[in-house]
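Student: What follows is a structure written as structure tokens; I'll ask about it next.
The values are calculated or read from the model by the stated rules, or taken from the named source; none is laboratory data. If you're wondering where the values come from, they're calculated on a predicted model, not measured in any experiment. Every residue, glycine among them, receives a Cβ derived from its backbone with ideal geometry; neighbour counts consider all protein chains shown. The accessibility values were calculated without ligands, DNA or RNA, using every heavy atom of the protein model including side chains. Shrake-Rupley method; radii C 1.70, N 1.55, O 1.52, S 1.80 Å.
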Amino acid sequence: MLQAEAFVRSGPGTRPGPDARRPPRTSPSGGHISTELRINDRIRVQEVRLVGPSGETVGIVPTADALRLAQEADLDLVEIAPMARPPVCKLMDYGKFKYENAQKAREARRNQTNVIIKEMKLRPKIDAHDYETKKGHVVRFLNAGDKVKITIMFRGREQHRPELGYRLLQKLAEEVTELGFVESSPKQDGRNMTMVLGPHKKKADAKVEHKAAKEAKAAERAADEAEERAERTAANAGRETAPKKERGRSENLDPEIEA
């Protein structure tokens, strides 16, 4: 039996087979998008709408004239609105401008607060002592400016008595009404009943109050220590030292022995 041998012809005019090596596909990659403003010689347009250093509008002027004005005023020509036609440029100290923006961004990050939801789990037939302990945690969370999610867990036959959990949640909400409010009313969620309490004070205000209280406590402790040291110093200074007994020659009580 003759077996035909498969072959692939190569050369001009031949179509490559399916197994022929193909060059890898290259997908166009975008360049880095710069967020820096264009300044001075990087501004390549013919004319710009110029704004003075104090915010006054100068008008549309050739870019060369705007650069000359910037050099005379020892300032930078900064393109602040590149999409406008013509682009809007302003005379300013670009280094100072970047520094002030960095300071504002740092201050904004410092004042930024993350919403944190604490969770506290209770049972419908919770003991009075355990309830007071749990309520103390809720009070601490609300004082810190955090939200609190209260969860009542039902087990067994307790699932047929949802009013027990509802009354417990209402009682807790009434007892902490000076610190927080009911943000989400009690609702049944399977075997659990949940309620969310929101604080009256903001997180940032709570941090400021906590820091002030901590500093006041430290100052009070330092004052107490200074007062105690002053009292010890005064006591030591007023204490009279007992006079030392002068040591003399011992008298010989035996008359036969000469002194």
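Student: Residue pairs, Cβ under 8 Å, 6 or more apart or interchain, first in the stretch 165-186 and under 13 Å from residue 151 (Cα atoms), second among the β-branched types (Val, Ile, Thr) and in a helix (DSSP H, G or I). List them.
Tutor: So the pair list comes out as 172/138.
Student: Here are some conditions: (1) over 45 Å from the mean Cα position of the chain (by Cα); (2) modelled with pLDDT of 90 or more; (3) not aliphatic (A, V, I, L, M). Residue 7 meets all but one. Which one does it not meet?
Tutor: Going through the list (1) over 45 Å from the mean Cα position of the chain (by Cα); (2) modelled with pLDDT of 90 or more; (3) not aliphatic (A, V, I, L, M), residue 7 breaks only (2).
Student: Same structure, new question: Can you report the number of residues in the stretch 182-217 which are of a type in the set (A, V, I, L, M), open to solvent by 60 Å² or more (accessible area, probe 1.4 Å) and under 18 Å from residue 120 (Cβ atoms)?
Tutor: Residues meeting the conditions: 1.
Student: Now a separate question. Among 139, 78, 148, which is β-branched (Val, Ile, Thr) and more than 25 Å from the chain's Cα centre (by Cα)?
Tutor: 78
Student: Take the conditions farther than 30 Å from residue 179 by Cβ and free of Cβ contacts under 8 Å to residues at least 24 places away in the same chain and apply them to residue 106. Does it pass?
Tutor: Working: farther than 30 Å from residue 179 by Cβ: yes; free of Cβ contacts under 8 Å to residues at least 24 places away in the same chain: yes.
Criteria met by residue 106.
Student: Also: Does residue 44 meet the test of being charged (D, E, K, R), more than 30 Å from residue 204 (Cβ to Cβ), at pLDDT below 90 and under 42 Å from the mean Cα position of the chain (by Cα)?
Tutor: Taking the combined requirement at face value, the residue satisfies it.
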